[in-house]
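Undergrad: Handing you a structure now.
Each reported figure results from applying straightforward, stated rules to the coordinates on display, with no laboratory input. Keep in mind the model is a prediction, meaning the values are calculated, not measured. Cβ sites come from the backbone with ideal geometry, for glycine too, and all protein chains shown count toward neighbours.
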Amino acid sequence: MSESNQAQIDFWNGRVGDKWAALHADLDVMLAAATAALRERAGPVAGLRVLDIGCGSGETCAIWLAGGAEVTGVDVSAAMLAVAAARTAGRATLVEADASAWRGEAPFDLAVSKFGLMFFADPEAAFATIATNLRPGGRLLFTCWRAPVENPWADEPLAAIGDLLPEAEPAAPEAPGPFALADRDRLAGILGRAGFADVAIDPLDIPVCLAGAGGVAAAVRLAMQIGPAARALAEAGPEVRAAAAERFRAVFAPHDRDGRVTMAGAIWMVEAVRPV
C-alpha cells in the first residue's frame with residue numbers, strides 16, 4: 001500500500017466508501033452516459049484479460065464479464081468491493097489494493113477505469129505501475145472529468161453554497177480528487193512520462209443524471225451525499241446543511257423534467273498503449 005496515497009485510501013475505505021456502496025444504484029444512473037461511452041470505446045473484449053481500476057461497486061466489471069472477458073477489479077474500498085462481489089457472483093477476481101502500487105501476476109490486455117484514476121498523490125508513478133500491468137501493445141482506456149467550470153452538475157451546487165462556508169479553502173487544481181486530471185496538456189505529459197504511447201485525449205459532453213425519478217427532492221438528497229458540494233458540507237452543522245438543501249433545490253429546479261433531473265457534464269475519454 002502506498003504511503004503517499006494513504007489519505008485517499010482512508011477517505012474511500014471509510015465513511016465515503018460505505019456511502020457510495022449504499023448509493024451504487026443511484027450512481028449507476030447518474031453516470032450511465034459515461035458507462036455507455038466507455039463500453040463503446042472499449043469494443044469487443046471477449047477473450048481479453050481486463051484490469052478494471054477503481055472498479056468500485058462492480059458495474060463495469062459485470063459489463064466486461066458479460067462481454068466474455070477475464071476480469072480483475074482493484075479498489076481500495078472494502079464496502080464497494082462487497083457490492084461488486086455480489087454483482088459479479090464470483091466470476092471476477094476482486095482485489096482490495098492501492099492500484100498505484102499493485103502488480104498482477106500476469107499482464108493484462110486492457111486496463112480500464114471509469115472515474116477511478118484521479119485520486120493518486122503521485123499520478124506519474126501510478127500510471128507507470130499501471131503500464132507494468134499491461135502486456136506490450138496492451139491498451140489503457142479511462143474516463144476522467146474535465147474542468148469544474150465545464151461541469152455544471154458539480155460546479156453550480158458548490159457555487160450556490162460558497163457564502164455558507166466562508167472558511168472553506170478550495171482544493172488545489174492538481175490535488176487528488178475528481179478534477180485532478182482536468183488539464184489536458186498535463187494529463188498527456190503524465191501518460192507520456194509514465195511510458196505510454198499513442199495517447200488520445202478526446203472531449204466528450206455527457207448528461208449527468210442527478211435523479212432518475214423523484215425530481216428535485218431526490219436530486220437534493222443525492223447532492224447532499226456525493227460530489228464536491230457534499231464534501232464541502234461534510235463537517236457542516238444542521239443549520240448550514242438545511243440552508244444548503246434550499247440552495248440546491250433552486251439549482252436543480254430548472255432541470256427537472258417529469259421527475260428526472262439532468263445537468264451537463266464534461267469528460268475526457270482517454271486512450272493510450274504500452275509500446276511493444
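Undergrad: For the chain, with a Gaussian network of springs between Cα atoms less than 10 Å apart, report the residue from 261, 240, 112 with the top mean-square fluctuation.
TA: Looking only at 261, 240, 112, the biggest GNM fluctuation is shown by 240.
Undergrad: Assuming 0.692 mPa s and 37 °C, estimate D for the range 78-151 with Stokes-Einstein, Rh taken as the Kirkwood radius over Cα pairs, in µm²/s.
TA: It diffuses with D of about 235 µm²/s by this estimate.
Undergrad: Something else about it: Which number do you get for Rg(Cα) / (2.2 N^0.38 Å) in the chain?
TA: Ratio of Cα Rg to 2.2 N^0.38 Å: 0.99.
Undergrad: Let me ask something else. Pick from 59, 105, 156 the residue whose mean-square fluctuation is largest in a GNM of the chain, springs joining Cα atoms under 10 Å.
TA: Answer for the Gaussian network model of the chain: 105.
Undergrad: Size of the range 1-124 along its principal axes in angstrom, Cα-based, largest extent first?
TA: Principal axes ranked by extent give 36, 33, 25 Å for the Cα atoms.
Undergrad: What whole-number distance in Å separates the alpha-carbon centres of the range 156-232 and the range 254-273?
TA: Taking the Cα centre of the range 254-273 as reference, the centre of the range 156-232 is 11 Å away.
Undergrad: At a threshold of 8 angstrom on Cα-Cα distance, excluding pairs fewer than six apart, so keeping six or more, what relative contact order does the chain reach in percent?
TA: Computed value for the chain: 21 percent relative contact order.
Undergrad: What residues from the range 31-60 fall in the zone where the backbone N is under 18 Å from a label point 7 Å along the Cα-to-C-beta line of residue 106?
TA: Zone members listed by number: 45-52.
Undergrad: Within the range 205-232, which residues have the backbone N less than 16 Å from the label spot 7 Å out from residue 159 along Cα→beta-carbon, could you tell me?
TA: In the range 205-232, the label zone of residue 159 (backbone N under 16 Å from the point 7 Å along Cα→Cβ) covers 228-229.
Undergrad: What is the dipole size for the range 208-276, taken about its Cα centre, with +1 at each Lys and Arg Cβ and -1 at each Asp and Glu Cβ, in debye to the nearest 20?
TA: 80 debye
Undergrad: Using +1 on the beta carbon of Lys and Arg, -1 on that of Asp and Glu, and nothing else charged, what's the dipole of the chain about the Cα centre, debye to 20?
TA: Result for the chain is approximately 680 debye, rounded to the nearest 20.
Undergrad: Something else: Please report the base-10 log of the normalised intensity I(q)/I(0) for the range 44-90, using a Debye sum with one equal scatterer per alpha carbon and no solvent, at each q in 0.24, 0.28 (1/Å).
TA: -0.75, -0.97
Undergrad: Let me have the 222 nm mean residue ellipticity of the chain computed from DSSP H runs of 4+ only, each contributing -39500 (n - 2.57), with the sum over all residues rounded to the nearest 500.
TA: Rounded to the nearest 500, the figure is -11500 deg cm²/dmol.
Undergrad: How big is the Kirkwood radius of the range 176-272, worked out from every pair of different alpha carbons and given in Å to one decimal?
TA: The answer is 15.6 Å.
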